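Before any comments, here is the structure.
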Amino acid sequence: MRMAQPRPDAVFAPWDDPSETPLIQFKNVTKRFGDFTAIDDLTLDIYAREFFALLGPSGCGKTTLMRMLAGFETPTEGTILLDGVDIGPVPPNERPVNMMFQSYALFPHLTVWENIAFGLKRSDMPKDQIGDRVERMLKLTQLGKFAKRKPHQISGGQRQRVALARSLAKAPKLLLLDEPLGALDKKLRHETQFELMDIQESTGTTFVIVTHDQEEAMTVASRVAVMVDGNLAQVATPDQIYEAPTSAYVADFIGDVNLIEGAVEAGSTGTDVAIKWSATEEPIKATSDTPPPAASTVQFAIRPEKVAISSEKPDAANVMEGKILDIAYLGNISTYHVEVAPGLIVKAQATNTRRISRRNLTWEDHVYLSWTDTAGVVLTE
Amino acid sequence: MKRRLLIALPYAWLLIFFLVPFGIVLKISLSDIALAIPPYVPTMKDGFWTMLSGLDLENYAFIGAGAVVAAFAAVALCVVMFNIVYPRVRRALVPDTPNGFFDTAAAALTALAVALVNVAVIVGVLALLLPQLRAFVDIPDFLYFAAYLSSLKIAIISTFFTLLIGYPIAYGMARAPEHWRPTLLMLVILPFWTSFLIRVYAWIGILSTEGYLNQFLLGLGVISEPLTILNTNAAVYVGIVYTYLPFMVLPIYAALEKMDDSLVEAAEDLGCTALSAFWLITAPLSKPGVIAGCFLVFIPTLGEFVIPSLLGGSDTVMIGKVLWEEFFNNRDWPVASAVAVMLLLILIVPIVLFQRNQQIEREADR
């Protein structure tokens with residue numbers, strides 16, 4: 001799902017390096033609108049050259065967080081540091097931060113060229129260098145042919161690139177992208193995600209992107225912050241978020257997941273955890289780095305693609321018996337909804353390596369689901 | 001075919017009801033005053049051909065229509081040269097995207113040269129034509145020409161003041177919280193619920209020597225003796241600005257309301273202060289609304305009659321008032337008709353410009 005960062009020499013992970021100083025530091029930031037708390041005592045570090053994604057449902061406070069970085073909102077409490085400087089009292093026009101708006105906010109009375117040059121003309125850049133800079137931005141975003149057009153004379157994808165070029169033109173320390181690809185259709189969005197990553201790589205700018213599209217966040221970001229109700233649910237790399245969510249909320253929000261509630265059985269040793277989820281069935285065997293105490297209630301989370309499905313009983317750590325209720329055929333994969341106990345449905349995903357007529361599983365079939373003891377995670381929240 | 005017929009019907013209706021009264025007025029303006037009923041000769045009673053041969057232009061000569069037409073032609077020439085010829089010639093001569101200092105300087109010089117040639121052409125044409133037109137331009141009675149000029153002056157000044165007051169109102173409305181806007185809009189429209197005449201009369205009560213304004217100011221001790229406001233041009237300006245304010249506010253509000261708020265934020269994000277963001281983004285984007293509002297105020301103000309006759313004094317000369325006096329006090333229908341026809345001709349220019357502006361706006365929306 002995610003492209004590896006093209007850095008063969010070293011993994012880009014400044015957040016693991018204690019000697020690195022963050023570019024942006026949110027320190028106990030709270031933002032209230034009247035009675036409504038949009039951001040609740042939030043602390044977060046973002047490092048230079050990062051492509052940082054703020055992910056969450058609408059109303060979770062991700063846009064407010066971004067608007068505070070741009071300077072359109074001021075925190076009610078707490079401080080925001082950029083390069084170690086408190087940017088609270090700095091107005092938007094004096095911040096080394098530029099923003100790409102969700103609506104693109106292109107100036108309709110100016111041409112593409114003038115739109116890109118707009119910020120440069122307000123800066124102290126000498127006049128003769130502005131032309132070169134604009135040309136470079138046009139080349140970067142492949143807009144050379146459209147320089148003289150007005151925004152309403154170009155397509156949605158081109159407008160998106162103009163907005164990007166305009167916000168990058170002043171070479172900001174930090175670029176904020178508010179749902180930058182929301183208005184594009186799916187195919188164009190996928191292409192543009194990779195373009196965005198290339199541009200972020202080549203310019204070395206720190207990007208902070210706000211999105212509600214988890215696939216987009218996973219694709220482009222070096223780290224993802226999942227937000228819920230003004231709080232950070234988890235901040236981690238996309239693979240950690242997906243493979244090792246710290247809460248049932250994150251596990252459920254990112255991708256598809258089976259959540260099975262149960263109680264921890266006594267007598268577990270080391271990292272092994274056995275979860276009693278039904279009075280009659282075998283407990284689920286799982287592992288956890290921090291095993292929860294016996295008898296505590298936990299959620300066992302496992303991704304459908306890690307559950308194997310077969311008509312004969314396999315030899316695995318966890319095996320469940322059930323009946324196929326539903327099959328969602330998606331072309332490359334199929335998702336089977338299997339009822340393993342009254343009211344408990346577990347989803348299993350299988351890659352369709354054979355053509356449909358050769359497959360033997362169908363509705364009402366009696367099947368076995370199986371997974372290893374390390375396939376899922378044990379969640380206490 | 002059927003559809004065309006259907007559309008043709010109301011248009012024919014409108015055309016007839018414009019053309020017939022206009023034809024009658026035009027005919028009267030070409031007649032001579034007489035002590036008769038109706039108060040002009042010749043009429044249809046003399047027979048159609050006798051009537052036609054009896055028509056002449058002497059009323060137009062009397063009111064100085066030649067001068068009006070000449071001034072009018074000069075203005076039209078200037079507008080055409082600078083609105084149509086100048087940008088086209090400049091576009092043809094100057095490259096679109098200047099590269100470097102030399103090109104920019106060359107472009108500026110070319111533009112200046114084209115502008116100078118333009119002015120030279122205008123001056124040349126006028127200089128050539130004026131001596132020939134001297135007889136034509138000769139004004140027997142300066143009153144009418146002065147009334148046209150004074151109407152123009154009052155219309156321009158009051159349009160300016162209406163804009164000055166109307167823009168901030170429209171801006172405030174467009175920036176007000178969403179749930180307040182319908183109420184504010186209602187408040188702007190509310191005066192239309194009462195008669196225009198009564199509202200103008202109300203101003204007499206406010207502005208007169210014993211009026212509320214003077215009482216208020218005297219009460220405050222700001223002034224020691226009442227100000228004379230009523231029956232001066234100042235009162236006329238107050239009346240016009242008050243009456244036509246909604247016509248200025250509504251189109252500007254429509255233009256501002258449609259504007260995306262994030263545009264101003266984007267401008268500030270790119271380094272503009274609040275003030276420069278206004279001049280660089282908000283002002284140009286509300287221009288169509290400003291132009292529409294100005295025309296909506298300017299066009300009716302030019303022929304305004306009620307406000308100057310109620311609030312103005314004897315020194316307030318406006319063509320609408322002159323027209324009224326010619327018609328009802330002097331009972332000189334032919335001269336009054338000639339004044340009306342000239343007024344219509346003068347109004348055609350701003351009306352055409354207004355239509356052009358609306359057209360451009362519609363095309364920009366698409």
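The values are calculated or read from the model by the stated rules, or taken from the named source; none is laboratory data. The model shown is predicted, which means the values in this text are computed figures rather than measured ones. Here Cβ is always computed from backbone atoms with ideal geometry, including for glycine, and neighbour counts include all displayed protein chains.
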Suppose we filter B:Ala283, B:Ala364 for residues that are free of Cβ contacts under 8 Å to residues at least 24 places away in the same chain, within 14 Å of another protein chain (Cβ to nearest Cβ) and in a helix (DSSP H, G or I); which single one remains? B:Ala283
Applying the selection to segment A:69-105, what residues are part of a loop (DSSP other than H, G, I, E, B) and within 19 Å of the chain's Cα centre (by Cα)? A:Phe101, A:Gln102
Condition (residue is assigned by TED's automatic domain parsing to the domain that holds A:Ala183, in a helix (DSSP H, G or I) and either free of Cβ contacts under 8 Å to residues at least 12 places away in the same chain or within 19 Å of A:Asp45 (Cα to Cα) (or both)) applied to segment A:106-120: is it met by at least one residue? no
Could you grab me the full set of residues in segment A:56-75 that are hydrophobic (A, V, I, L, M, F, W, C) and within 14 Å of chain B (Cβ to nearest Cβ)? A:Met66, A:Met68, A:Leu69, A:Ala70, A:Phe72
Does A:Thr269 fit the bill of being in contact with a strand residue (DSSP E or B) (Cβ under 7 Å, 6 or more places away or on another chain) and part of a loop (DSSP other than H, G, I, E, B)? no
Given A:Asp132, A:Asp128, which one is closer than 23 Å to B:Phe102 by Cα, modelled with pLDDT under 90 and either facing chain B (nearest Cβ under 10 Å) or not in a loop (DSSP other than H, G, I, E, B) (or both)? A:Asp128
Looking only at helices (runs of 4 or more DSSP H) that fall completely inside segment A:162-257, which ones have 3 or more residues that are in contact with an Asp or Glu (Cβ under 6 Å, 6 or more places away or on another chain)? none
Just checking: which of the strands (runs of 3 or more DSSP E) contained wholly in segment A:276-325 hold 3 or more residues that are within 16 Å of A:Val346 (Cα to Cα)? A:297-302, A:308-310
Return a yes/no flag: does segment B:314-331 have any residue that is within 14 Å of another protein chain (Cβ to nearest Cβ), of a type in the set (Phe, Trp, Tyr) and part of a helix (DSSP H, G or I). no
Can you say whether A:Val307 is more than 25 Å from the chain's Cα centre (by Cα) and β-branched (Val, Ile, Thr), as far as the supplied structure shows? no
Among the numbered criteria (1) within 28 Å of B:Ile198 (Cβ to Cβ); (2) within 11 Å of chain A (Cβ to nearest Cβ), which single criterion is violated by B:Cys294? (2)
Do we find that B:Met259 is in a helix (DSSP H, G or I), out of contact with any strand residue (DSSP E or B) (no Cβ under 7 Å at 6 or more places or on another chain), assigned by TED's automatic domain parsing to the domain that holds B:Leu163 and in contact (Cβ under 8 Å) with a residue 24 or more places away in the chain in this structure? no
